[in-house]
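The values are calculated or read from the model by the stated rules, or taken from the named source; none is laboratory data. Keep in mind the model is a prediction, meaning the values are calculated, not measured. Every residue, glycine as well, gets a Cβ built from its backbone with ideal geometry; the counts of neighbours run over all protein chains shown.
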Amino acid sequence: MPAKLRHRAPVIEVPPALPADEAASIAYEADQGLTSHHFTPGEHPIVRIEHLNKSFDDTLVLKDVNLNVWPGEVVVVLGPSGSGKSTMLRCINLLETPSAGHILIEDDEITNKSAAEVNKLRRDVGMVFQQFNLFPHLTAKENVMIGQTKVLKKDKAEAEAEALKQLAAVGLADRADFKPAQLSGGQQQRVAIARAVAMHPNVLLFDEPTSALDPELVRGVLDVMRDLAENSGMTMIVVTHEMGFARDVADRVVFMEDGVVVEQGLPEKVFDHPENPRTAEFLGSIN
Amino acid sequence: MTNMNRRNFVATLGLAGTALLAGCNGSEQPADDAQTTDETPEEASYTLVKEGVLTNVAELGFAPFEYIDEDGVTVGFDVDLSNAIAEKLGLTCEWLPNQAFDTLVPTIAQGGKADISIAGMTIDDTRLEEVDFSDPYLNSNQGIVALAGSGETSETLDAEGVQVACQTGTTGNSWIEENLPNATCVPLADVTAGMMGVSTGLYKAMVIDLPVAQNMIAESFSDLEVVEEIPTGEQYGIAVSYDNPGLKDAINDALAQIEEDGTMDEIKQKWFGTTEV
Amino acid sequence: MQHRRGALLVALALALTGVFATTLAAPRPAQALTTEKATARPNEDGGDGVIGGMDTRLTWEGTVEPGEEVTSVTLTLPEGSTFDGSTTRITALEGLKRMDVTGEAVPAGSSITVNFDQAIPEGSLLRLEITNMQFPSEGGECVVSGSYVSAGAEHELADSKPIETIANTPLQSIVNWLDDQPWVEAWNSNQFLGMFLKPQLLVTSFSSLAPGWILCLGIVVAAYPFAIALGLLFAMLKISKWRILRAIAVVYINVLRGTPLFLQIYIMFFGLPMLNINIDNNLLGIIVMAINSSAYLAEIFRAGIQSIPQGQYEAASSLGMNYVQTMFTIILPQTVRRVIPTVTSDFITAFKDTSLLSSVGVMELMMFSKNLTTVTGNITPYVAAGIFYLIVTLPLIKVVGIVEENIARSERGSGPRPKRRADVADSAAAQMKEATDAC
């Protein structure tokens, strides 16, 4: 990445991050009516994205993205391929380094942090990948345990109990000792979710979690996510193409295109009465 | 050792100046009497690997007998001698590329690659089982080389854990095995590796032909010395296949002429600075 | 020593005789021929023992004292020895100068008499090499005694130091038995078979090469853990962020991979002592092999590490693991499985490459074979060495095959499932289960 920095396109100037209280009150005003999630005056957004820009070489893939996510809110990000939605997600746990702008988690600026601080941040931001990315040399249970023992420094028994609990929660208690290669894609993705949840992150990011699955396996994964959204109170940001899931589960739907948040709002609003013609066009093409 | 045909009688002769008298295997001809070579017909019948060429094979790191000089030319006492022999036979002389010493006898025995091996090779009974030898052309001895001032002797060297180097398949090799039974014999492909090893302390000593030892010490290993001369009185001969007796006779003829007409003395003078070798 | 003592004695005596010839001659015992030494050529196939009842060569040396001449020598060995059928080579030297001496040897059971055509003059070193004689088959310490004739009178010869001989070994008996078998003779009469696969030599090679084989294995087994550690270190350096570390790794790896092991061995074995660093030969062998292999392993590990998909790093990062944790718990364990076949191949290569250590006096397999080949003039010991190598390498090659198969199978079954249903059959059962779960 440093190598790429050297060939970076012109530096984008953005204003400094707003003070926390000011940002919170602005967000409180701005997000009224955009989400079905209940948030209160004086409450601070858990994730705050201000003027986020990201470019790969000379291509700007995120252009001045602004977004707030409230604690416990379920945000679904929609948009055509290449719209920058995955990149935004990856910026939130710094798998990509923002080119400009601010990402704050619990009012803590995460850009320009040291490697150690980044690792600390990441344990609070879980991620579920399109390709599952389970560790193939470990069993399902060990996959769920390893973050707890290595990063949270839990003792083995405690981590194992947690792992079994989370595997049970995703319906895979009987697959605890299976290696990923012995599991179906859907099962693997559910293990991956258990792995992320076992870290008890503040925010859980889903990067197209069902895109790599055979159609008949998608539902099991979505059920797990729905259950998480409805019963765990976990803050979730989900990038997906599953419109049904977005409509049923999301507190808020964000539509992105070409690196820009085009439209956001309540699912029924965005799906049924899109304001932006691009949104309408996209949803039309999907439906 | 392998099964050798035992003969129940045979009073044998040890003739100085000749090869061992009785062969060991019944199939092999006993060596000729040295004095009878003159009776060989002038038109000797022999075969050559390459027509008109006397093909030599040797280990070419054995100065001053055969080595490759700075210009990449094969030179040495044996080279001059072999040229002289070839001249007497009306042939030209060619050398095969360098070959490990212990492969020379099998190469000659198998035939097809080289006619003769003139390589500072001592006539001895084990080799005579495989190949025939010409009349001896030079006397030689062995020497023990060690670090100058080390005070090593054949007695101090004959101890457990002492490594004594030699060139693989040489008389020095078998001398160590018979006379230094407690030491570890380290046979090496070339003399330089052994001398270098002695010089760096890798080996305690090396046993090689005395003229070669003296030459190496004078040329490149001033930190070494011959700590003990071993008077073996061995004799160099030219290895020829038993299948080519005509060639051996022709070579013996040529050798006799070379001795007679002073060529041998010239060559000795050139390489050893004396004819008293 | 005996030579030197003899030479000194001669020189001293010669110098003194000029002045005190008569005075010295008078008190001297009637010993005109001093026994210098008696040795026997080892005839144990693949060993260094002198076995009785089998042909060998006796070498006897004596010095003719000043003022004396010797015309005949009789050597006598203990009962059971035989000189019958032997041949004798006579060498007489004055200093290092060879004299022309001829004579006739008359074997008679355990004695042999050599009559010289010319008397052996004073100050000479006389050597008798008697080939194809035998010591008593029961073995034991054999003293060479005898007599000599000087000035027409016969005198006793001083006893030599005893020659250690041994009774026949079981192995040697097998060899001797093989010697007598017609099929063995027929087999050996084929030039190729006799040269490369002589049964007698195969038998002896197997027993005498074993220590070299053990040493080879020992060296490479001892070297390999270090090679792996070093290889891992340099693999890490090579994928490091820092250019200097990468440069160090590149130089180390490329120099070691780009030069012959032979050269590296020479540099270590000859170069280190020149720097006054003296290390035991076998240990040095281990070090050279470890360093050499580490360069190859570094490349294998680097390639292995880089073959792990980026997603694995991302997944580890998203759990909050740092670089070291990611490497040691996620990346390297997977790398190990992937590189096992290549590492095993490299181990095989390293094992075979220990043969190069024979060039610097490490007593490994090739060294033993070379020794044996030298003694016998036969290639069979090398073939036996080859069989020894195969004992190790064949099972390992098999292991590589099995591991490769396993990896191929596990990679087929793992990882993201392609959306297009290429390998449905493979996972049909799992999918059925999944479908049931979902409903």
Breaking point among (1) in contact with a helix residue (DSSP H, G or I) (Cβ under 6 Å, 6 or more places away or on another chain); (2) of a type in the set (Asp, Glu); (3) closer than 29 Å to C:ILE90 by Cβ, for B:ASP223: (3)
If we scan region B:136-146, do we find a residue that is among the small types (Gly, Ala, Ser) and either in a loop (DSSP other than H, G, I, E, B) or more than 21 Å from B:ALA189 (Cα to Cα) (or both)? no
Condition met for B:ALA218 (hydrophobic (A, V, I, L, M, F, W, C) and free of Cβ contacts under 8 Å to residues at least 12 places away in the same chain): yes
When residues of region C:207-239 are limited to those that are in a helix (DSSP H, G or I) and of a type in the set (Val, Ile, Thr), the one farthest from C:THR373 (Cα to Cα): C:ILE228
Residues satisfying the stated conditions in region B:178-219, i.e. part of a strand (DSSP E or B) and not charged (D, E, K, R): B:THR184, B:CYS185, B:VAL186, B:PRO187, B:LEU188, B:ALA205, B:MET206, B:VAL207, B:ILE208
Pairs with Cβ under 8 Å, 6+ apart, first in region A:62-89 and among the aromatic types (Phe, Trp, Tyr), second assigned to a loop (DSSP other than H, G, I, E, B) and buried (at least 17 other Cβ atoms within 10 Å of the Cβ): A:TRP70/A:ASP31; A:TRP70/A:THR35; A:TRP70/A:HIS37; A:TRP70/A:PHE39; A:TRP70/A:PRO45; A:TRP70/A:ILE46
Residues in region C:217-241 that are within 13 Å of C:ILE286 (Cβ to Cβ) and under 28 Å from the mean Cα position of the chain (by Cα) total 11
Quick check on my filter: what residues within region C:83-126 are surrounded by fewer than 16 Cβ atoms within 10 Å (Cβ to Cβ), free of Cβ contacts under 8 Å to residues at least 24 places away in the same chain and either more than 10 Å from chain B (Cβ to nearest Cβ) or among the acidic types (Asp, Glu) (or both)? C:ASP100, C:ASP117
Within region C:301-323, restricting attention to residues that are more than 10 Å from every other protein chain (Cβ to nearest Cβ) and surrounded by fewer than 20 Cβ atoms within 10 Å (Cβ to Cβ), which residue is farthest from C:SER240 (Cα to Cα)? C:SER307
Exclusive hit being more than 7 Å from every other protein chain (Cβ to nearest Cβ), within 30 Å of C:ASN378 (Cα to Cα), touching a residue at least 60 places away in the same chain (Cβ under 8 Å) and surrounded by fewer than 20 Cβ atoms within 10 Å (Cβ to Cβ), set C:GLY47, C:GLY52: C:GLY47
Being modelled with pLDDT of 95 or more and farther than 19 Å from A:PHE206 by Cα narrows A:GLU160, A:GLU109, A:GLU117 down to just A:GLU160
Taking C:LEU356, is it touching a helix residue (DSSP H, G or I) at 6+ places or on another chain (Cβ under 6 Å), under 26 Å from C:VAL250 (Cα atoms), modelled with pLDDT under 95 and surrounded by fewer than 23 Cβ atoms within 10 Å (Cβ to Cβ)? yes
Pick from B:LEU128, B:LEU104: which is within 23 Å of C:MET367 (Cα to Cα), more than 8 Å from every other protein chain (Cβ to nearest Cβ), in a helix (DSSP H, G or I) and touching a residue at least 60 places away in the same chain (Cβ under 8 Å)? B:LEU104
Residue that is away from chain C (no Cβ under 11 Å), surrounded by fewer than 18 Cβ atoms within 10 Å (Cβ to Cβ) and not in a loop (DSSP other than H, G, I, E, B), where the choices are B:GLU87, B:GLU160: B:GLU87
Could you run through region B:61-84 and say how many residues are outside any helix (DSSP H, G or I) and in contact with a Pro (Cβ under 8 Å, 6 or more places away or on another chain)? 3
Going by the structure shown, is C:THR71 in contact with a Phe, Trp or Tyr (Cβ under 8 Å, 6 or more places away or on another chain) and either polar (S, T, N, Q) or surrounded by fewer than 18 Cβ atoms within 10 Å (Cβ to Cβ) (or both)? yes
Which of the following residues is away from chain A (no Cβ under 14 Å), under 42 Å from the mean Cα position of the chain (by Cα) and under 30 Å from C:MET195 (Cα atoms): C:THR374, C:THR342? C:THR374
Subset of region A:231-287 [under 18 Å from A:THR87 (Cβ atoms) and either free of Cβ contacts under 8 Å to residues at least 12 places away in the same chain or among the polar types (S, T, N, Q) (or both)]: A:THR240, A:GLN264
Starting from residues that are aliphatic (A, V, I, L, M) and within 14 Å of chain C (Cβ to nearest Cβ), keep the ones in region B:231-277 and report whichever is nearest to B:GLU66 (Cα to Cα). B:ALA239
Selected residue [crowded, with 18+ Cβ neighbours inside 10 Å and within 17 Å of B:ASP209 (Cα to Cα)] from B:THR122, B:THR74, B:THR107, B:THR126: B:THR122
Quick check, is A:GLU73 more than 14 Å from chain C (Cβ to nearest Cβ) and buried (at least 19 other Cβ atoms within 10 Å of the Cβ)? yes
Can you tell me which residue is surrounded by the fewest Cβ atoms within 10 Å (Cβ to Cβ) among those in region C:241-279 that are among the aliphatic types (A, V, I, L, M) and in contact (Cβ under 8 Å) with a residue 60 or more places away in the chain? C:LEU261
Across region A:190-206, what is the number of residues that are surrounded by 24 or more Cβ atoms within 10 Å (Cβ to Cβ), over 14 Å from A:ILE237 (Cα atoms) and either more than 11 Å from chain C (Cβ to nearest Cβ) or in contact with a His (Cβ under 9 Å, 6 or more places away or on another chain) (or both)? 2
Qualifying position, being outside any helix (DSSP H, G or I), within 14 Å of chain B (Cβ to nearest Cβ) and either in contact (Cβ under 8 Å) with a residue 60 or more places away in the chain or not charged (D, E, K, R) (or both), among C:THR165, C:THR204: C:THR165
Helices (runs of 4 or more DSSP H) contained in region A:92-189 and holding at least 3 residues crowded, with 22+ Cβ neighbours inside 10 Å and touching a residue at least 24 places away in the same chain (Cβ under 8 Å): A:140-150, A:156-169
Could you please find all residues in region B:170-194 being within 9 Å of chain C (Cβ to nearest Cβ), in contact with a Lys or Arg (Cβ under 9 Å, 6 or more places away or on another chain) and over 17 Å from C:PHE269 (Cα atoms)? B:SER174, B:GLU177, B:GLU178, B:ASN179
Looking only at region A:190-199, filter to residues that are part of a helix (DSSP H, G or I) and touching a residue at least 60 places away in the same chain (Cβ under 8 Å); which one of those is farthest from C:ALA315 (Cα to Cα)? A:VAL197
